[in-house]
Amino acid sequence: MKRKIAMMLVAIMSLGLLNGCGSEAENSSAASEGSTANGIFSGELEENVTIQVLENDTAISKGYFSQLIEAFNKEYEQYGITAVDANMDQYLDLANDGPYGYGPDVLYQANDVIMQYAQGKHILPLPVEELDCYSQIPETAWQAYKVDVDGSTYTCGVPVNVQAPMLYYRKDLLPEDWKENWDANSNDVPDMIEDWKNMYDFSVQRHQENSEQYGYMKSLYDVYFSSGFLFSYGGYIFGDNNTNPEDIGFAAGDSEKGAWVLSQLASTMNEDCIDDTITTNAYSKLADGTYFATLSTPDTYSTFYDELVNEYVGQGLAQAEAEEKAKENLVMTGLPKLPESGNLTEENPKLVDSKTMGGVNGYAISSYTKYPNACFAFVNFATSYEMIMLRNETLGIAPAREDAASELGGLSKDMFEELDKGNIVLMPSIKEVSQIWTPGQTFFTDLAKDAFRSEAEKKYKDLDSMKAGLEDMCNQIHDAIYTLE
């Protein structure tokens with residue numbers, strides 16, 4: 001299996017398409033026509049080679065990546081194949097750097113980034129049916145790495161984990177009387193964890209009781225986290241299932257209600273919510289009790305956990321006791337529900353599910369590598385059940401493999417269900433998505449600033465003005481895509 005890692009690609013595919021992404025529709029016929037010699041993936045491992053692998057910073061800092069390459073190198077030492085850290089910025093621009101020989105052989109990034117490389121033919125086609133993980137990854141996850149060209153479907157990456165905002169909170173910071181006063185339906189789940197109206201009320205109360213403490217805190221300018229509030233009320237990114245950039249939908253439906261929710265939440269925070277300050281300091285502020293709750297992705301769990309352990313050790317607990325206490329008190333869960341009206345002060349509101357922007361992180365192989373078969377072997381190894389389970393154990397990720405997610409249960413399984421229900425809106429896999437961030441940040445930053453402006457200075461005083469602001473944001477995105485490119 002190691003040597004015959006990959007089946008051949010399509011003989012009739014042009015070299016240009018081979019430099020873009022692989023055709024699933026034609027893979028089977030390619031095998032029968034004996035096109036091995038013509039395909040990029042010959043099925044023969046290159047021997048005595050070194051492949052550069054670009055992983056994300058968290059996987060490196062938490063020690064997972066070193067375990068991964070150590071295990072891979074041991075498995076493939078008989079072929080002289082060695083994987084090493086590419087030692088490059090995780091946000092390396094392969095499109096500009098790859099052609100000049102500065103880039104990794106294998107890279108791990110989010111689907112929207114990888115698919116931009118696919119459109120520019122900077123990553124290789126992948127015969128994904130030959131991967132051990134192929135049948136274990138659901139179609140919803142594979143879809144993030146597919147693109148249609150001339151009637152054929154091409155797959156350009158291998159899903160590793162599902163990303164979406166999750167609520168992190170400190171169980172030991174709940175009010176002592178929460179079961180009496182913050183569990184209206186007596187289901188043993190605190191009300192502020194179940195819906196944003198109660199989270200808002202609790203945030204107001206906590207700050208009133210201690211001006212140095214806050215309830216929910218998050219950098220509102222962050223488009224990835226804030227746009228989900230728009231989606232919950234009918235907004236979307238692009239039309240036609242995120243494939244039509246002519247149709248920009250952040251202002252669609254009643255999305256202004258989502259903007260109103262964000263504005264109300266900002267009023268319970270401090271001015272750190274305007275920029276990326278809270279995103280940066282949330283780990284330490286949650287650990288020292290300044291913040292009760294925040295949003296982040298599953299792969300940051302280990303960072304929150306380590307900060308809380310260090311905080312407890314600093315308070316005099318032994319390491320083992322600190323670890324046990326952190327494990328008990330740091331909770332990662334799904335997002336609270338939203339009031340249908342968008343009004344966080346409404347009593348007994350009708351509630352609707354929260355939607356979020358999400359993504360699928362995965363591996364791709366550079367078009368500029370000299371060792372495609374060795375790289376494919378690495379991707380196959382890194383997406384094996386054992387390595388994905390280790391990745392979860394080390395980083396807290398939500399696996400894209402269904403067998404791993406089922407074994408882990410809990411949130412990993414829940415995230416798949418949210419994806420299937422459409423509550424996780426995957427980032428578009430087209431290059432135009434790169435133009436949504438700056439206009440989005442401009443709008444959300446202004447929205448956050450309003451909470452600290454005088455009434456006369458506020459830009460968004462009502463739903464109509466918020467709708468107009470979102471429409472302007474859409475126009476800016478359109479101009480960025482079609483006028484300024």
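The values are calculated or read from the model by the stated rules, or taken from the named source; none is laboratory data. In this text, all values refer to a predicted model and were calculated from it rather than measured experimentally. Cβ atoms come from the backbone with ideal geometry, glycine included; neighbour counts cover every protein chain shown. Accessible surface areas use protein heavy atoms only, side chains included; no ligands, DNA or RNA. Shrake-Rupley method; radii C 1.70, N 1.55, O 1.52, S 1.80 Å.
Please find, within segment 304-322, the residue that is nearest to residue 285 (Cα to Cα) out of those that are assigned to a helix (DSSP H, G or I) and open to solvent by 60 Å² or more (accessible area, probe 1.4 Å).
Keep residues of segment 304-322 that are assigned to a helix (DSSP H, G or I), which gives 304-314, 319-322.
Still in the running and open to solvent by 60 Å² or more (accessible area, probe 1.4 Å): 307, 310, 314, 319-321.
Details: 307: 9, 310: 12, 314: 14, 319: 20, 320: 22, 321: 21 Å.
Per the stated criteria, the residue is 307.
Go over the candidates 37, 30 one by one and state the one that is modelled with pLDDT under 50 and either more than 20 Å from residue 156 (Cβ to Cβ) or open to solvent by 40 Å² or more (accessible area, probe 1.4 Å) (or both).
Details: 30 fails: either more than 20 Å from residue 156 (Cβ to Cβ) or open to solvent by 40 Å² or more (accessible area, probe 1.4 Å) (or both).
Matching residue, one of 37, 30: 37.
Those residues that are open to solvent by less than 30 Å² (accessible area, probe 1.4 Å) and either in contact with a helix residue (DSSP H, G or I) (Cβ under 6 Å, 6 or more places away or on another chain) or hydrophobic (A, V, I, L, M, F, W, C) (or both), I need them from segment 148-167; list them, please. Outline the logic, then answer.
Within segment 148-167, the subset open to solvent by less than 30 Å² (accessible area, probe 1.4 Å) is 152, 154-167.
If the condition is that a residue be open to solvent by less than 30 Å² (accessible area, probe 1.4 Å) and either in contact with a helix residue (DSSP H, G or I) (Cβ under 6 Å, 6 or more places away or on another chain) or hydrophobic (A, V, I, L, M, F, W, C) (or both), then 155, 156, 157, 158, 159, 160, 162, 164, 165, 166, 167 are the ones that fit.
Looking at segment 241-263, is at least one residue at pLDDT below 95, at positive phi and part of a helix (DSSP H, G or I)?
Yes, there is a match, as at least one residue in segment 241-263 is at pLDDT below 95, at positive phi and part of a helix (DSSP H, G or I).
Counting only residues that are closer than 16 Å to residue 259 by Cβ and open to solvent by less than 20 Å² (accessible area, probe 1.4 Å), give me the helices (runs of 4 or more DSSP H) lying completely in segment 386-485 with at least 1 of them.
Details: elements: 402-408, 410-421, 437-450, 463-482.
In segment 386-485, 437-450, 463-482 are the helices (runs of 4 or more DSSP H) which contain 1 or more residues that are closer than 16 Å to residue 259 by Cβ and open to solvent by less than 20 Å² (accessible area, probe 1.4 Å).
In this structure, does residue 340 turn out to be out of contact with any Pro (no Cβ under 6 Å at 6 or more places or on another chain) and either open to solvent by 40 Å² or more (accessible area, probe 1.4 Å) or on the phi > 0 side of the Ramachandran plot (or both)?
Working: out of contact with any Pro (no Cβ under 6 Å at 6 or more places or on another chain): yes; either open to solvent by 40 Å² or more (accessible area, probe 1.4 Å) or on the phi > 0 side of the Ramachandran plot (or both): yes.
In short, yes.
Return yes or no: is residue 203 crowded, with 19+ Cβ neighbours inside 10 Å, in contact with a strand residue (DSSP E or B) (Cβ under 7 Å, 6 or more places away or on another chain) and not hydrophobic (A, V, I, L, M, F, W, C)? Walk me through how you get there before you give the answer.
Values: crowded, with 19+ Cβ neighbours inside 10 Å: yes; in contact with a strand residue (DSSP E or B) (Cβ under 7 Å, 6 or more places away or on another chain): yes; not hydrophobic (A, V, I, L, M, F, W, C): yes.
So residue 203 passes the test.
What do you reckon, is residue 236 open to solvent by 10 Å² or more (accessible area, probe 1.4 Å), at pLDDT below 95 and assigned to a loop (DSSP other than H, G, I, E, B)? Working first, answer last.
Numbers: open to solvent by 10 Å² or more (accessible area, probe 1.4 Å): yes; at pLDDT below 95: no; assigned to a loop (DSSP other than H, G, I, E, B): yes.
The answer is no for residue 236.
Inspect all residues belonging to segment 204-219 and state whether any of them is among the aromatic types (Phe, Trp, Tyr), at pLDDT 95 or above and part of a helix (DSSP H, G or I).
The first filter runs over segment 204-219 and keeps only residues among the aromatic types (Phe, Trp, Tyr), leaving 214, 216.
Next, from what is left, pick out any that are at pLDDT 95 or above: 214, 216.
Within this subset, residues satisfying the condition of being part of a helix (DSSP H, G or I) are none.
Within segment 204-219 (the criterion being among the aromatic types (Phe, Trp, Tyr), at pLDDT 95 or above and part of a helix (DSSP H, G or I)), the answer is no, since none of the residues qualifies.
All but one of (1) acidic (Asp, Glu); (2) in a loop (DSSP other than H, G, I, E, B); (3) under 20 Å from residue 423 (Cα atoms) hold for residue 188; state the number of the condition that does not hold.
Residue 188 satisfies all of (1) acidic (Asp, Glu); (2) in a loop (DSSP other than H, G, I, E, B); (3) under 20 Å from residue 423 (Cα atoms) except (3).
Out of 118, 110, 59, 71, I need the residue that is farther than 28 Å from residue 242 by Cα and crowded, with 19+ Cβ neighbours inside 10 Å. Which one?
Values: 118 fails: farther than 28 Å from residue 242 by Cα; 110 fails: farther than 28 Å from residue 242 by Cα; 71 fails: crowded, with 19+ Cβ neighbours inside 10 Å.
Unique residue meeting the criteria: 59.
Please work out if residue 183 is free of Cβ contacts under 8 Å to residues at least 24 places away in the same chain and either open to solvent by 40 Å² or more (accessible area, probe 1.4 Å) or of a type in the set (A, V, I, L, M) (or both). It would help to see each step written out before you state the result.
Working: free of Cβ contacts under 8 Å to residues at least 24 places away in the same chain: yes; either open to solvent by 40 Å² or more (accessible area, probe 1.4 Å) or of a type in the set (A, V, I, L, M) (or both): no.
Taking the combined requirement at face value, the residue does not satisfy it.
Go through segment 323-364 residue by residue and tally those that are in contact (Cβ under 8 Å) with a residue 12 or more places away in the chain and not in a loop (DSSP other than H, G, I, E, B).
At the first step, the residues of segment 323-364 found to be in contact (Cβ under 8 Å) with a residue 12 or more places away in the chain are 323, 325-346, 349, 351-364.
Then keep just the ones that are not in a loop (DSSP other than H, G, I, E, B); that gives 323, 325-333, 337-339, 351-352, 356-364.
Qualifying residue count, segment 323-364: 24.
Is one or more of the residues making up segment 166-175 assigned to a loop (DSSP other than H, G, I, E, B) and out of contact with any Ser or Thr (no Cβ under 9 Å at 6 or more places or on another chain)?
Quick first cut of segment 166-175, residues assigned to a loop (DSSP other than H, G, I, E, B) only: 174-175.
Still in the running and out of contact with any Ser or Thr (no Cβ under 9 Å at 6 or more places or on another chain): 174-175.
Yes: segment 166-175 contains one or more residues that are assigned to a loop (DSSP other than H, G, I, E, B) and out of contact with any Ser or Thr (no Cβ under 9 Å at 6 or more places or on another chain).
From 84, 49, grab the single residue that is touching a strand residue (DSSP E or B) at 6+ places or on another chain (Cβ under 8 Å), under 17 Å from residue 374 (Cβ atoms) and open to solvent by less than 30 Å² (accessible area, probe 1.4 Å).
Details: 84 fails: open to solvent by less than 30 Å² (accessible area, probe 1.4 Å).
That would be 49, the only listed residue that is touching a strand residue (DSSP E or B) at 6+ places or on another chain (Cβ under 8 Å), under 17 Å from residue 374 (Cβ atoms) and open to solvent by less than 30 Å² (accessible area, probe 1.4 Å).
From the residues in segment 261-278 that are open to solvent by less than 50 Å² (accessible area, probe 1.4 Å) and among the hydroxyl-bearing types (Ser, Thr, Tyr), which one is nearest to the chain's Cα centre (by Cα)?
277
Scan segment 184-230 for residues that are in contact with an Asp or Glu (Cβ under 8 Å, 6 or more places away or on another chain), under 19 Å from residue 172 (Cα atoms) and among the aliphatic types (A, V, I, L, M) and jot them down.
Scanning segment 184-230 gives 189, 192, 217.
Which helices (runs of 4 or more DSSP H) does segment 51-143 wholly contain that include 1 or more residues that are within 22 Å of residue 433 (Cβ to Cβ), more than 23 Å from the chain's Cα centre (by Cα) and modelled with pLDDT under 90?
Details: elements: 57-61, 64-75, 94-97, 111-119, 139-142.
Qualifying helices (runs of 4 or more DSSP H): 94-97.
Against the conditions (1) buried (at least 21 other Cβ atoms within 10 Å of the Cβ); (2) under 25 Å from residue 304 (Cβ atoms); (3) β-branched (Val, Ile, Thr), where does residue 137 fall short? Just the number, please.
Going through the list (1) buried (at least 21 other Cβ atoms within 10 Å of the Cβ); (2) under 25 Å from residue 304 (Cβ atoms); (3) β-branched (Val, Ile, Thr), residue 137 breaks only (2).
Which one of 282, 287 is crowded, with 21+ Cβ neighbours inside 10 Å, within 19 Å of residue 203 (Cβ to Cβ), among the hydrophobic types (A, V, I, L, M, F, W, C) and free of Cβ contacts under 8 Å to residues at least 60 places away in the same chain? First the steps, then the outcome.
Values: 282 fails: free of Cβ contacts under 8 Å to residues at least 60 places away in the same chain.
Every option except 287 fails the conditions.
Does residue 162 qualify as being more than 17 Å from the chain's Cα centre (by Cα), touching a residue at least 12 places away in the same chain (Cβ under 8 Å) and assigned to a strand (DSSP E or B)?
In short, no.
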